[in-house]
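Taking it in order: structure first as structure tokens, then the write-up.
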Amino acid sequence: MHSRSVVVAVLAGTVLVVAAPAQAAPSARPTPVTECGQTVTGPAYLARDLVCSGEGVRLAGGVLDLRGRTLQGTGRSDTGVALLAEGDVEVRNGRVTGFYQAVYAAGAGAKTIRGVTAEGNGTGVAAYGDMFDENQAEVRIIGSTVAGNTRGVSVAYLRHVEITGSTVRANGWGAELGWSGTGVVARSTFEDNELGLVCSVTCTVERSTFRSNTYEGIFQDDGDLTVRSSTFTENGTGYQGGMATARIERSTFTANDVGVRSSLELALELTGSTFTRNGTGYTDDPGVSGAPADLLTGNTFSRNGDGIVSDEPGLALGDNTATRNAGWGIHAPDAADLGGNRASGNGNDPQCVGVECGGPVS
């Protein structure tokens, strides 16, 4: 039992008793990780750099702080850090390289990867369930760098994933969010990947940058997608969608081969966005079965090869502006004209095909 001190004061005939609070129980000391294959419950820390021929560390609960050190595999076998506990666990502040999977997460609860650099692995961050048994983990990648992996982030049949304030760079596939649950990407950068972000779940992307990805910045395979206030620069295609619904608003597309490409059974709302110096601003996939039902309103297309080019029915255009494009301003012979479109100074005449356009644009 902890001792208590008692102060008694006599003042004007009144006795005042003050009891000092009991001392708090000392917090648990962090467990040092000193060897490969160790299973720990946090708080724990990596005591020194480790090179592991097999598994790195299993975290059974709590927080593992890598303390700026490196956990290194030999030949991309096994897992660097396995987050396998039921409940919330976190790995933070260090580098994991040379493993089949740098970080793997499973089990109910939030699995947080914070301030971690996962580079040179088969997969940087992974979490998989199966189609009959959803992985209950919620993966949160915060302030981390995922670089130089065959796959950067790969999750499937997962409840939820967040990528916030992170950089996904120079991977084969940058991040693949697949086949159930939801995904949120915010204030993150995807650059120099073969493919930036693949969404096959309900995805929300905000204030993020997609730059110099070989194929697409974002490829929407399935699931609903919302993109807000994001930039797409020097990608093969900034955004390409296939199915479900998508909304892109207040975003900027610059110097991509194609800014936005729509195809299959996509229903896209593209609004308030700016397209500059792209090969083509907006187009659809010619010869692909299915017809997009797209709505383009309030967008600006300037100094592209072509502004808007589409031969598909189901496209509706309103209040768009196309100026100084080398080829077509607006060429959409089967589009529904919602009015308010304007075009001038484009290389091909007429300035608009399929809709009536005012001009010149001030």
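The values are calculated or read from the model by the stated rules, or taken from the named source; none is laboratory data. A quick note: this is a predicted structure, and the numbers were derived from the prediction, not measured. Quick reminder, even Gly has a Cβ in these numbers, built from the backbone with ideal geometry, and neighbours come from all protein chains shown.
Pairing each residue of segment 152-168 that is at pLDDT below 95 with any residue that is of a type in the set (Phe, Trp, Tyr), provided the two are 6+ apart or on different chains, yields C-beta distances under 6 Å for Ala156/Tyr128; Ala156/Trp179; Tyr157/Trp179. If you go through segment 153-191 and keep only what is closer than 14 Å to Asn213 by Cβ, crowded, with 23+ Cβ neighbours inside 10 Å and over 11 Å from the mean Cα position of the chain (by Cα), you end up with just Asn171. State which residue pairs qualify: first residue farther than 11 Å from Thr245 by Cβ and among the polar types (S, T, N, Q) and inside segment 216-230, second residue part of a loop (DSSP other than H, G, I, E, B) and at pLDDT 95 or above in any location, beta carbons under 6 Å apart, and separation of 6 or more residues or different chains. Between residues of segment 216-230 that are farther than 11 Å from Thr245 by Cβ and among the polar types (S, T, N, Q) and residues that are part of a loop (DSSP other than H, G, I, E, B) and at pLDDT 95 or above, the close pairs are Ser229/Arg207; Ser229/Arg250; Ser230/Ser208; Ser230/Ser251.
Is segment 340-351 home to any residue that is more than 28 Å from Thr209 (Cα to Cα) and of a type in the set (Asp, Glu)?
Yes, because at least one residue in segment 340-351 is more than 28 Å from Thr209 (Cα to Cα) and of a type in the set (Asp, Glu).
Of all residues in segment 61-76, those that are farther than 27 Å from Ala108 by Cβ have Cβ atoms under 7 Å from Cβ atoms of residues that are surrounded by fewer than 17 Cβ atoms within 10 Å (Cβ to Cβ), 6 or more apart or on another chain, in Arg69/Arg48; Arg69/Asp49; Thr70/Asp49; Gln72/Val51; Thr74/Val51; Thr74/Ser53. The numbered conditions (1) closer than 23 Å to Leu338 by Cα; (2) touching an Asp or Glu at 6+ places or on another chain (Cβ under 7 Å) are all true for Ser302 except (2). Select from segment 309-343 the residues that are under 16 Å from Asp294 (Cβ atoms), among the aliphatic types (A, V, I, L, M) and surrounded by fewer than 16 Cβ atoms within 10 Å (Cβ to Cβ) and list them in ascending order. Residues satisfying the conditions are Ala336, Leu338. Does Val139 satisfy the condition of being at pLDDT below 95, surrounded by 24 or more Cβ atoms within 10 Å (Cβ to Cβ), out of contact with any helix residue (DSSP H, G or I) (no Cβ under 8 Å at 6 or more places or on another chain) and not hydroxyl-bearing (Ser, Thr, Tyr)? When the stated conditions are applied, Val139 passes them.
Selection of segment 247-268 for residues being in contact with an Asp or Glu (Cβ under 9 Å, 6 or more places away or on another chain), among the small types (Gly, Ala, Ser) and at pLDDT 95 or above yields only Ala255.
When you look at Glu55, is it of a type outside the set (Gly, Ala, Ser), assigned to a loop (DSSP other than H, G, I, E, B), without any contact (Cβ under 8 Å) to a residue 24 or more places away in the chain and over 24 Å from Ala170 (Cα atoms), yes or no? When the stated conditions are applied, Glu55 does not pass them.
If you take the residues of segment 27-40 that are surrounded by fewer than 16 Cβ atoms within 10 Å (Cβ to Cβ) and modelled with pLDDT of 95 or more, which of them is nearest to Ala85 (Cα to Cα)? Taking the candidates together, the pick is Thr39. Hey, does segment 86-103 have a residue that's among the aromatic types (Phe, Trp, Tyr), within 18 Å of Cys36 (Cα to Cα), touching a residue at least 12 places away in the same chain (Cβ under 8 Å) and touching a Gly at 6+ places or on another chain (Cβ under 9 Å)? Scanning segment 86-103 turns up at least one residue that is among the aromatic types (Phe, Trp, Tyr), within 18 Å of Cys36 (Cα to Cα), touching a residue at least 12 places away in the same chain (Cβ under 8 Å) and touching a Gly at 6+ places or on another chain (Cβ under 9 Å). Every listed requirement among (1) in contact (Cβ under 8 Å) with a residue 40 or more places away in the chain; (2) under 29 Å from the mean Cα position of the chain (by Cα); (3) part of a strand (DSSP E or B) is met by Leu338 save one, (2).
Within segment 221-229, is even one residue closer than 24 Å to Asn121 by Cβ, of a type outside the set (Phe, Trp, Tyr) and surrounded by fewer than 21 Cβ atoms within 10 Å (Cβ to Cβ)?
yes
Once segment 194-220 is narrowed to residues that are surrounded by 20 or more Cβ atoms within 10 Å (Cβ to Cβ) and of a type in the set (S, T, N, Q), the residue that is nearest to Leu295 (Cα to Cα) is Gln220.
So is Ala255 more than 19 Å from Thr300 (Cα to Cα), more than 16 Å from the chain's Cα centre (by Cα) and free of Cβ contacts under 8 Å to residues at least 40 places away in the same chain or not? Answer is no for this residue.
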